[in-house]
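One structure is given below, encoded as structure tokens.
The values are calculated or read from the model by the stated rules, or taken from the named source; none is laboratory data. Please read all numbers here as calculations on a predicted model, not as lab measurements. Reconstructed Cβ throughout: ideal geometry from the backbone, glycine too, with neighbour counts over all protein chains shown.
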Amino acid sequence: MQDVRAHIDALDARIVALVAERSGYVAQAARIKQNAEQIFDGARIEAIIASVRAQAAAAGAPEAVMEATYRAMIGAFIDFERGEFTRLQQEG
């Protein structure tokens, strides 16, 4: 069991690094967007979910888990981007 957990921990470290990298791009998006209404893009979200589900299926991963994970992550990043957008607007 320790070996399995060690592998999971190593994967988690890689995932955290990738999510941190993603957050940098989300922060860039907040700087580019002209208004807060541009932050939520339902069509883009659904395209991401479709792509992630297809990638999960091709990789033999559980599609439902991948979709739930991405929906939660996207929701959290929308909140993050709104915060960044607001902060940038206040800074002028």
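Report yes if some residue within region 54-72 is closer than 22 Å to Phe85 by Cα, outside any helix (DSSP H, G or I) and under 18 Å from the mean Cα position of the chain (by Cα); otherwise report no.
The first filter runs over region 54-72 and keeps only residues closer than 22 Å to Phe85 by Cα, leaving 70-72.
Of the ones still in play, those that are also outside any helix (DSSP H, G or I) are none.
Looking for residues that are closer than 22 Å to Phe85 by Cα, outside any helix (DSSP H, G or I) and under 18 Å from the mean Cα position of the chain (by Cα), one finds none in region 54-72, hence no.
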Out of all the residues in region 64-90, which are more than 19 Å from Val16 (Cβ to Cβ), touching a Lys or Arg at 6+ places or on another chain (Cβ under 7 Å) and either surrounded by 15 or more Cβ atoms within 10 Å (Cβ to Cβ) or of a type in the set (Gly, Ala, Ser) (or both)?
Glu67, Phe85
Anything in region 36-52 that is over 15 Å from Glu84 (Cβ atoms), surrounded by 10 or more Cβ atoms within 10 Å (Cβ to Cβ), of a type outside the set (Lys, Arg) and free of Cβ contacts under 8 Å to residues at least 12 places away in the same chain? List them, or say none.
Asp41, Glu46, Ala47, Ala50, Ser51
So which residues in region 6-35 are surrounded by 10 or more Cβ atoms within 10 Å (Cβ to Cβ) and either touching a Gly at 6+ places or on another chain (Cβ under 9 Å) or at pLDDT below 95 (or both), if there are any at all?
Ala30
Close pairs (7 angstrom Cβ cut-off, 6 or more residues apart or separate chains): at pLDDT 95 or above in region 66-78, small (Gly, Ala, Ser) anywhere:
Met66/Ala56
